[in-house]
Amino acid sequence: MIKKPNTRSMIFTLYGDYIRRYGGEIWIGSLIELLEPFDHTEQAVRTAIYRMGKQNWLTSRKETNKSYYSLTKQGVKRMDEAASRIYRIEPGNWDGKWRMVHYSIPEENRHIRDEFRQELSWSGFGPLLNSVWVSPNELTSQVYDMVERYDIKEHVHLFVSENQGPKTDLDIIKQCWDIDFINERYKLFIEKNENKFIEDKKKIELGEYSEKDCFVKRTMLVHYYRKSLFIDPGLPKELLPNKWLGEEAAKLFDKYYKILEKPANIFFEKVFAKGYE
């Protein structure tokens, strides 16, 4: 049995896949209605929205008796970064350089240190040593954003370097990430969805799914596929193993997404428009 996604996580999915494409703002009544098919109550949505505001992901405005919520600058950056990885089909090329982050955040700020590590991991860094994280991708701006957000400038060093051995670049990859585990996750995604894609494609063509059905299916497809961001650093093609399934999974996701896209948008737009009537 698949565990129901938490409300905050689902709100991020809706902002990333829908709301940001429609001006980035939504009436909370529409948001509550959009989350109802996923068994999230009005109270759960309001609580999650409140907490996301406190965490500087969302900002609000009131117009007459309606409250509208939009992404903050920090939220927009996070959604743009996520989108660039979710909807990417082929891995990028490598410039041969490593980005290395070294930090020494005091013990009294352990909560900041823990959050900083989570942010590094989400962005695509891997732990080479306890307080030294590396990435083969150009993530300089992301690091500076994190440093500014947590106000830890005096505790962080960022280097751009080349590996001179004796370990190879592929050895570094194996040390920092469990590539076999990531590949297995992509294998499971493919096995779970390749037959479902064929079945759903036929049902859509026969008109057996409503626009709401397609909205639910597309939202859940994106939600679970984007979970790969938490474990896949998005390595360039030069550093991937020969039997890499990430590209195959991305192509399947893209095909599946496209058959659901138009009817799902129609349903979303109907609900979204209620906030501006």
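Just one residue in the set I11, I86, I105 is closer than 30 Å to I152 by Cα, assigned by TED's automatic domain parsing to the domain that holds E119 and aliphatic (A, V, I, L, M); that residue is I105. Quick one: would you say I173 is within 30 Å of Q74 (Cα to Cα) and in the same structural domain as K237 (by TED's automatic domain parsing)? No; evaluated as a whole, the condition is false for this residue. Could you tell me which residue of the stretch 32-49 is surrounded by the most Cβ atoms within 10 Å (Cβ to Cβ), considering only residues that are within 21 Å of K62 (Cα to Cα) and out of contact with any helix residue (DSSP H, G or I) (no Cβ under 6 Å at 6 or more places or on another chain)? Here the residue is I49.
Considering only residues in the stretch 68-89 that are small (G, A, S) and in contact (Cβ under 8 Å) with a residue 40 or more places away in the chain, the one that is farthest from A250 (Cα to Cα) turns out to be S70.
The residues of the stretch 116-126 that are more than 17 Å from E162 (Cα to Cα) and either surrounded by 15 or more Cβ atoms within 10 Å (Cβ to Cβ) or touching a strand residue (DSSP E or B) at 6+ places or on another chain (Cβ under 8 Å) (or both), listed by number, are F116, R117, E119, L120, S121, W122, S123, G124. Among the residues of the stretch 174-196, is there at least one that is surrounded by fewer than 18 Cβ atoms within 10 Å (Cβ to Cβ) and assigned to a loop (DSSP other than H, G, I, E, B)? Scanning the stretch 174-196 turns up at least one residue that is surrounded by fewer than 18 Cβ atoms within 10 Å (Cβ to Cβ) and assigned to a loop (DSSP other than H, G, I, E, B). Please tell me if E119 is at pLDDT below 95, over 16 Å from the mean Cα position of the chain (by Cα) and in the same structural domain as R149 (by TED's automatic domain parsing). In short, no. M220 fails exactly one of the following numbered conditions: (1) in a helix (DSSP H, G or I); (2) more than 18 Å from F38 (Cβ to Cβ); (3) under 20 Å from the mean Cα position of the chain (by Cα). What is the number of that condition? It is condition (2) that M220 fails. Scanning the stretch 77-95 for residues that are in contact with a helix residue (DSSP H, G or I) (Cβ under 8 Å, 6 or more places away or on another chain) and modelled with pLDDT of 90 or more yields N93, W94.
Of the residues contained in the stretch 129-152, one or more are found to be surrounded by fewer than 20 Cβ atoms within 10 Å (Cβ to Cβ), at positive phi and not basic (K, R).
How many residues does the stretch 146-162 contain that are over 17 Å from N109 (Cβ atoms) and among the hydrophobic types (A, V, I, L, M, F, W, C)? Selection size over the stretch 146-162: 3. Considering the stretch 122-142, and only residues there that are of a type in the set (S, T, Y) and outside any helix (DSSP H, G or I), the residue that is nearest to the chain's Cα centre (by Cα) turns out to be S135.
Among the residues of this structure, E115 counts as one that is more than 27 Å from R21 (Cβ to Cβ) and charged (D, E, K, R). In this structure, I259 does not satisfy being surrounded by 17 or more Cβ atoms within 10 Å (Cβ to Cβ), over 22 Å from the mean Cα position of the chain (by Cα) and at pLDDT 95 or above.
The values are calculated or read from the model by the stated rules, or taken from the named source; none is laboratory data. Computed from a predicted model, the values in this text were never measured in an experiment. All Cβ positions, even for glycine, are placed from backbone atoms using ideal geometry, and neighbour counts span all protein chains on display.
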